[in-house]
Amino acid sequence: MTWRFVYQSDQDDVNQTTSQTEDVAPGGYGATLVLADGRTIKLDSARQGAIMGQSLTYDDGSPILGADGLPLDDVVDIVATTAKGQVYAFTLPDGTKVWLNADSRLTFPSRFVHSDRRVNLEGEGYFIVHDDPKRSFFVESKGQLVEDLGTTFNIQAYSGESSLKTTLVEGAVMVNGRSLMPGQQSVLSSGGDMHILDADIDQVLAWQQGDFVFRGETLEEVFRSVARWYNVEVHYERKEAKAITVGGTVSRSRSIRAVLDLMETTGKVRFKVSGDVITVM
């Protein structure tokens, strides 16, 4: 049985039958840079992105404090990470734009100087690759290699998921040597089997647009995404509740209580919030 919930407006009424004693705020902008010399820089959560150019600046042009002295004459790795509850946008040295979802890690060089451009992704990232016909752009993720010349795609490569998903929005890419067309998604299992399917682009990119969009996922699958955004743990009193399927749209700007209240209106499940722990009852 699939139940649906929708919450998009701040003015919508929410069922108030459940306890409002505790709540968890949604995530927001934030990330950390780890430089080659070991320095760690927490990026300003009041800004939405950073530019990794000749100098390290925010997308409004202001300098990233603490990034001075980076040896730009040398090619060194920079690691950008988002914690649970954080998202951030990065412009790489070649002009490629990457949006990192919560609990993700992107490793890239301070300059692209070789015959190709290579980065490594753990977690989820949305890429708009700067076109360079002479140098392919490669994204490596646990057992997968994505190659393209200039295109737009999303990669979900979380360690806790059973598969790795690459979705092509525009252009053309090769995933482990197999071609994807726009609107297609490759699904690579942990065992190494890969299938190519038609993608639901709106659902895949919902996180980048500020929403959760679910189309028949189980409650267990839903809460893996929700837990990363709200930085919570989820416990189940009834194992069978994990198999309840979900359909609907919820803004990621809402508190977790708003999300849970709407789920509870179905009468199929209840929740208890205690600090950063959600109990499914």
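Quick notes on this structure:
- Per-q log10 I(q)/I(0), segment 57-126, q = 0.11, 0.26 Å⁻¹ (Debye; single scatterer per alpha-carbon; no solvent): -0.28, -1.34
- Extension gain, SER189-ARG135: 0.36 nm per intervening residue step, less the Cα-Cα distance, totals 16.5 nm.
- Accessible surface of SER115 - all protein chains present, 1.4 Å probe, nearest 10 Å²: 100
- Taking every C-alpha pair closer than 8 Å and separated by at least 6 residues, the mean separation divided by the residue count of the chain gives a relative contact order of 19 percent.
- Of the accessible area of the chain, computed with a 1.4 Å probe over protein heavy atoms only, carbon and sulfur atoms account for 46 percent.
- Distance histogram in 10 Å bins (all Cα pairs of segment 125-171, percent per bin): 26, 54, 18, 2
- Take the chain with all the other protein chains still there, run a 1.4 Å probe, and you get 47 Å² of accessible area per residue.
- For the chain, the spherically averaged projection of the C-alpha convex hull amounts to 16.0 nm².
- For segment 211-276, relative contact order (Cα pairs under 8 Å, six or more residues apart, normalised by length) works out to 41 percent.
- With Cα atoms as the point set, the radius of gyration and Dmax of segment 99-184 evaluate to 12.2, 36 Å.
- Solvent exposure ordering (accessible area, 1.4 Å, most first) of MET174, MET281, MET263: MET174, MET281, MET263
- Cα-projected label distance for VAL75 with GLU170, points at 7 Å along beta-carbon direction, nm: 2.8
- ALA25-LEU145 pseudo-label distance in nm [points 7 Å out on the Cα-to-Cβ vector]: 4.4
- VAL79 - accessible surface, heavy atoms, 1.4 Å probe, Å² rounded to 10: 20
- Alpha carbon convex hull of segment 136-281, volume per residue in cubic angstrom: 116
- Net lengthening on full extension, ASP202/LYS272 (0.36 nm per residue, minus Cα-Cα): 22.1 nm
The values are calculated or read from the model by the stated rules, or taken from the named source; none is laboratory data. Given the structure is predicted, the values throughout are model-derived calculations rather than measurements. Reconstructed Cβ throughout: ideal geometry from the backbone, glycine too, with neighbour counts over all protein chains shown. Heads up: the accessible areas ignore ligands, DNA and RNA and are worked out on the full protein's heavy atoms, side chains in. Shrake-Rupley method; radii C 1.70, N 1.55, O 1.52, S 1.80 Å.
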